[in-house]
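Asker: Sharing a structure with you now.
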Amino acid sequence: MRERFEGQLALLHQELTEMGSLCETVISLAAQALSGWDKELDRQVRTVGAEIDEKERTIENLCMKLLLRQQPVAKDLRAISAALKMITDLERIGDQAEDIVEIVPHMKAHGESAKLREMAKETIAMVTDSVDAYVRQDVDLAKAVQLHDDVVDGYFARIKDSLIGMIARNPAEGGYTLDLLMIAKYFERIGDHATNVAEWVEFSVTGIHKE
């Protein structure tokens, strides 16, 4: 019985790792859209988004089976409950990447913000590292992701201030600047979700979760 349970836990780990990898892909595609949107890229984002949603359902069902059919010990119970929390954040990362790509085609033909490109790069790094922390059960890397959220928040604050100044100087550019601000906000939220994932990784290993 325990051997079967261990096999199902290994499957849970694999499914969650694959879901994390899909999130890395979709956020990278969203960042790519800033440099050049086309219908094929939009199709790819929607396809990966649908795969993320399907993974969420698969993992949720697997967790329920593990909880209902087995009697997990404390460490196993932490791993399962952390997985249930993590898939919610990972699914939202997918949704927000799709939201970014929905905005891009409606933006006017302006040069993209250099700070926004940098912010996207830092956010992608957070998502990648949070997934790697889970795969390796690396508490130090999980803590580093949590600290890095301040970097992404700093980018958002600077971009917001810059865009407010842009509107003040040229009100006619209001629509464009609001689009940029929305994209920056989505990246900031993705950073928050990566932080949440990292916190649940830490909990699954140590049993300690930050409130």
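The values are calculated or read from the model by the stated rules, or taken from the named source; none is laboratory data. Model, not experiment: these values are computed from the prediction. For neighbour counting, all protein chains shown are included, and Cβ atoms are generated from backbone atoms with ideal geometry for every residue, glycine included. In case anyone asks, the SASA skips ligands and DNA or RNA and just uses the protein heavy atoms, side chains included. Shrake-Rupley method; radii C 1.70, N 1.55, O 1.52, S 1.80 Å.
Asker: Under the condition of being under 14 Å from the mean Cα position of the chain (by Cα) and not hydrophobic (A, V, I, L, M, F, W, C), which residue from segment 129-147 is least open to solvent (accessible area, probe 1.4 Å)?
Answerer: Step by step, filter segment 129-147, then rank; the result is Ser130.
Asker: Just checking, how many residues over segment 65-95 are open to solvent by less than 70 Å² (accessible area, probe 1.4 Å) and not in a helix (DSSP H, G or I)?
Answerer: Residues meeting the conditions: 2.
So that you can scan it fast, the table gives a plain yes or no per residue for (1) of a type in the set (Gly, Ala, Ser); (2) closer than 20 Å to Pro105 by Cβ; (3) in a helix (DSSP H, G or I):
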residue	(1), (2), (3)
Asp161	no, no, yes
Gly165	yes, no, yes
Glu173	no, yes, yes
Thr177	no, yes, yes
Leu181	no, yes, yes
Tyr186	no, yes, yes
Thr195	no, no, yes
Trp200	no, no, yes
Ser204	yes, no, yes
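Asker: Of the numbered conditions (1) of a type in the set (Val, Ile, Thr); (2) out of contact with any Gly (no Cβ under 7 Å at 6 or more places or on another chain); (3) open to solvent by less than 40 Å² (accessible area, probe 1.4 Å), Thr58 satisfies every one except a single condition; which is it?
Answerer: Among (1) of a type in the set (Val, Ile, Thr); (2) out of contact with any Gly (no Cβ under 7 Å at 6 or more places or on another chain); (3) open to solvent by less than 40 Å² (accessible area, probe 1.4 Å), Thr58 violates only (3).
Asker: Got a number for residues in segment 22-55 being open to solvent by 60 Å² or more (accessible area, probe 1.4 Å), in contact (Cβ under 8 Å) with a residue 24 or more places away in the chain and closer than 22 Å to Leu84 by Cβ?
Answerer: Here the count works out to 1.
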